[in-house]
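Only one structure is covered here, and it is reproduced in the block below.
Throughout, read-outs are computed from the coordinates displayed, never taken from laboratory work. Keep in mind it's a predicted model, so treat the numbers as computed, not measured. Cβ: placed from backbone, ideal geometry, glycine included. Neighbour counts: every protein chain shown.
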Amino acid sequence: MKFIPTPLPGMYEVHPRVFSDERGYFFESYNQQAWEAAGIQAHFVQDNESQSARGVLRGLHFQQPPRAQGKYVTVGAGAVYDVAVDLRPNSPTYGQHFGLVLTAAAKNGLWIPPGFAHGFLTLEDNTVFRYKCTDTYAPETEGCLAWNDPTVGIDWAGIWNQYVGPNGADFAPQLSPKDQQGTLWTHFTSPFA
């Protein structure tokens, strides 16, 4: 496995080594020893999977301490634009975001440590999104940062237009009621150290 640091401290792109031939392919989707050798200490306790139509936007979600979650996210089918926002006030990149297109074909992933808000936009129909979490779901600790916050400035539409192309559908993400009510950055007080 190859771990590439992102501009946000502690977050990594993850690229497994894939063995392919005319029969198909094989790769290790997770290897604890490889992660520890890269300096990543993560104990996963829950795996989740969602399936979405093209144009679904989920996020930007987080769980507050003491139930904060680290997430290792990958795509089993289709493609997403995956984004994390640094919510750690003592971090040099507090309030900044990093995004990466994850695809089933590339088999790439993203390690997002605790202290980040996370969201994704599906770029293909029937996209299957998978994430391993370091804590179980605790709805009483859940928070949601506004997906379209102008201060955070995620260019969802730019990625959509780049991926879907000029003849694709206009950018109009499908959102849950909860995600339509996310907190704006100007009203956000971080629960993280």
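Structure summary
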{"item": "Segment Ala106-Val45, length gained on full extension (0.36 nm per residue, minus Cα span)", "result": "19.4 nm"}
{"item": "Zone residues, segment 30-55, relative to Thr141, backbone N less than 13 Å from point 7 Å out along Cα-to-Cβ", "result": "45-46"}
{"item": "Packing-based exposure ordering (other Cβ within 10 Å, fewest first) of Arg17, Arg130", "result": "Arg17, Arg130"}
{"item": "Cα centre as origin, Lys/Arg/Asp/Glu Cβ charges: segment 2-187 dipole, Debye", "result": "200 debye"}
{"item": "Sparse-neighbour loop sites [chymotrypsin sites (Phe, Trp or Tyr not before Pro); segment 103-176; at most 15 other C-beta within 10 Å; DSSP]", "result": "Tyr137, Phe171"}
{"item": "The chain, relative contact order [Cα under 8 Å, separation at least 6], %", "result": "28 percent"}
{"item": "Value of relative contact order over segment 66-167, rounded to a whole percent, pairs C-alpha under 8 Å and six or more apart", "result": "37 percent"}
{"item": "Those GluC sites (Glu not before Pro) in segment 3-49 that DSSP places in a loop and that have at most 11 other beta carbons within 10 Å", "result": "Glu22, Glu28"}
{"item": "Net length gained if the chain between Val164 and Gln181 were fully extended (0.36 nm per residue, minus Cα distance)", "result": "3.5 nm"}
{"item": "Spacing of the two label points (7 Å from each Cα toward its C-beta) at Phe171 and Phe3, in nm", "result": "3.2 nm"}
{"item": "Reference-scaled alpha-carbon Rg (2.2 N^0.38 Å with N residues) for segment 2-187", "result": "1.01"}
